[in-house]
Amino acid sequence: MEYLIMTIKAVVVFAVVAGSMPFIVWAERKVMADAQARIGPNRVGPYGILQSFADALKLMFKEDVTPRQVDKPIYFLAPVLAMIPALTAFAVVPYGSPEVTVYGVPIFYVTDPKQVGVLWVFAVTTLSVYGVVLAGWASNNKWSLLGALRSAAQMISYEVALGLAILGVVLGSGSLSLIDIVEKQAVPRAFGIPGIWLFAQPVAFLLFFTASLAETNRTPFDLPEAESELVAGFHTEYSSFKFAMFFMAEYINVLTVSAVVATLFLGGWLGPGVGQFPLLGVVYFALKTAALIYLIMWLRATLPRFRYDQLMRFAWKVLLPLGLANVFITALWVGLRGGT
Amino acid sequence: MLKDYFPILVMLVMAVGFGVTMIFLSSIAGRKRPTATKESPYECGSIPVGTARIRFDVKFYLVAILFILFDLEVVFLWPWAVLFIERLGLFGLVEVAIFVGILLVGFVYAWRKGALEWQ
């Protein structure tokens with residue numbers, strides 16, 4: 001019974017995450033259209049909401065061009081490798097109060113490996129660099145290779161800042177479990193600062209959000225694609241559904257990153273009235289995630305792209321020292337007060 | 001507990017299955033009319049010159065080495081961060097300060113040497 005419920009939870013979360021992808025794409029196209037005073041998709045379904053499904057179907061029936069020069073096994077493996085981390089990182093994110101149970105099994109999170117938690121998110125998102133690098137290398141195309149190299153350097157540089165940013169939160173929470181981290185945010189901190197880490201760890205929030213934009217290759221850090229200089233970067237040689245897989249991976253990454261930021265810094269499912277109506281928690285979590293997704297789209301509509309040297313300088317000379325400083329100031333604060 | 005990882009395994013299997021199925025479906029659904037030009041590497045219409053496995057800047061290796069250094073540092077800091085409040089206290093803070101201090105010397109060296117500059 002327990003295993004059955006766990007499997008159902010995993011299947012449902014997987015379906016919701018994968019199924020929300022078309023709507024996020026649609027939402028982004030609408031937001032971008034509004035920002036540029038256009039109408040955006042409005043033909044397929046009400047308000048064009050089915051546009052992404054039509055696009056997916058179209059891509060499915062397109063010719064899958066496999067160029068002669070590619071390294072076939074790796075060329076086929078890369079898009080799948082890009083998808084997997086995006087879809088599995090969600091397994092440890094709680095989306096509601098853990099007190100709600102069915103047959104004694106909590107249903108509002110997929111799993112909560114206490115000793116791993118955030119580390120799983122961190123480890124699995126790192127793997128997405130493989131999809132990009134292998135795609136670029138296997139394509140055997142100059143644009144792809146350049147895009148993949150840039151991307152690899154970018155992703156590993158921001159990885160360090162990402163890890164340091166989470167450390168601030170982990171120091172204050174004393175746990176790697178995302179559920180523990182959320183529950184720690186329920187109590188207000190010293191001087192009446194609200195409990196969520198956004199207020200107690202603003203530097204960590206900015207670091208984490210910036211670094212995760214770079215990790216997911218979103219504007220202003222979308223150099224791996226850089227369509228104005230590198231054609232399409234690492235996925236230049238990909239067509240049909242293999243292209244769609246990279247596209248899907250990007251949007252699922254946006255969802256995952258928003259969900260993780262909402263959990264770590266905005267208090268996840270916490271909100272007024274959750275004690276009486278645990279279902280509200282899921283709504284709060286969804287709203288917080290949606291707000292962050294909107295913020296990411298807004299940034300895309302607003303900011304220009306970094307230049308490559310600026311990008312690398314920013315990661316190593318600004319984010320890394322800032323992250324280390326934040327960790328030590330947090331440690332001093334926590335150590336001197338004996339808690340947060 | 002191993003049971004905690006079972007749903008992760010389920011999700012992994014589903015993710016792999018989803019990816020493979022989609023690629024397989026599109027490979028039967030899409031039509032195939034390969035021509036020599038269509039299958040050549042894309043270089044904006046010009047005929048590709050030489051191999052695509054070009055030599056690239058050594059800077060990328062440098063970044064990779066710096067990454068290994070600092071990412072390992074971060075990984076070592078994680079268990080410290082978890083146990084800091086409950087167990088380690090001031091002793092832990094001093095120990096970590098020494099550990100990070102040594103790495104910072106290397107960081108300053110790399111910075112002064114211009115390893116972080118891109119032209």
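The values are calculated or read from the model by the stated rules, or taken from the named source; none is laboratory data. The shown structure was predicted, so the numbers you read here are calculated from the model rather than taken from an experiment. Note: ideal-geometry Cβ built from the backbone for every residue, glycine included; neighbour counts use all protein chains shown. Accessible surface is based on the protein model in full, side chains and every heavy atom, while ligands, DNA and RNA are left aside. Shrake-Rupley method; radii C 1.70, N 1.55, O 1.52, S 1.80 Å.
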All conditions in (1) within 13 Å of chain B (Cβ to nearest Cβ); (2) assigned to a helix (DSSP H, G or I); (3) open to solvent by 10 Å² or more (accessible area, probe 1.4 Å) are true of A:Ala148 except (3)
Going by the conditions given, is A:Leu176 within 30 Å of A:Gln69 (Cα to Cα) and either more than 10 Å from every other protein chain (Cβ to nearest Cβ) or not in a helix (DSSP H, G or I) (or both)? no
Do we have A:Glu237 as outside any helix (DSSP H, G or I) and either under 30 Å from A:Ser139 (Cα atoms) or at pLDDT 90 or above (or both) here? yes
Selection within the range A:123-139 - more than 9 Å from every other protein chain (Cβ to nearest Cβ) and closer than 30 Å to B:Ile47 by Cβ: A:Gly131, A:Val132, A:Val133, A:Leu134, A:Ala135, A:Gly136, A:Ala138
Regarding B:Val75, is this residue open to solvent by 30 Å² or more (accessible area, probe 1.4 Å), touching a Gly at 6+ places or on another chain (Cβ under 9 Å) and free of Cβ contacts under 8 Å to residues at least 12 places away in the same chain? yes
Number of the exception - A:Leu198 against (1) open to solvent by 10 Å² or more (accessible area, probe 1.4 Å); (2) modelled with pLDDT of 85 or more: (2)
Regarding B:Ala29, is this residue among the small types (Gly, Ala, Ser) and closer than 30 Å to A:Lys317 by Cβ? no
Take A:Lys142 and decide whether it is of a type in the set (D, E, K, R) and either more than 10 Å from every other protein chain (Cβ to nearest Cβ) or without any contact (Cβ under 8 Å) to a residue 60 or more places away in the chain (or both). yes
Among (1) open to solvent by less than 80 Å² (accessible area, probe 1.4 Å); (2) modelled with pLDDT under 80; (3) facing chain A (nearest Cβ under 7 Å), where does B:Tyr42 come up short? (1)
If a residue has to be open to solvent by 40 Å² or more (accessible area, probe 1.4 Å) and outside any loop (DSSP other than H, G, I, E, B) to count, how many in the range A:109-123 make the cut? 3
Going through A:Asp222, A:Asp309 one at a time, which residue ends up being farther than 25 Å from A:Val16 by Cα and within 12 Å of another protein chain (Cβ to nearest Cβ)? A:Asp309
Take the range A:24-74 and flag every residue that is among the charged types (D, E, K, R) and open to solvent by less than 90 Å² (accessible area, probe 1.4 Å). A:Glu28, A:Lys30, A:Asp55, A:Glu63, A:Asp64, A:Asp71
Those residues of the range B:71-119 which are more than 8 Å from chain A (Cβ to nearest Cβ) and not in a helix (DSSP H, G or I), in sequence order: B:Lys113, B:Gly114, B:Ala115
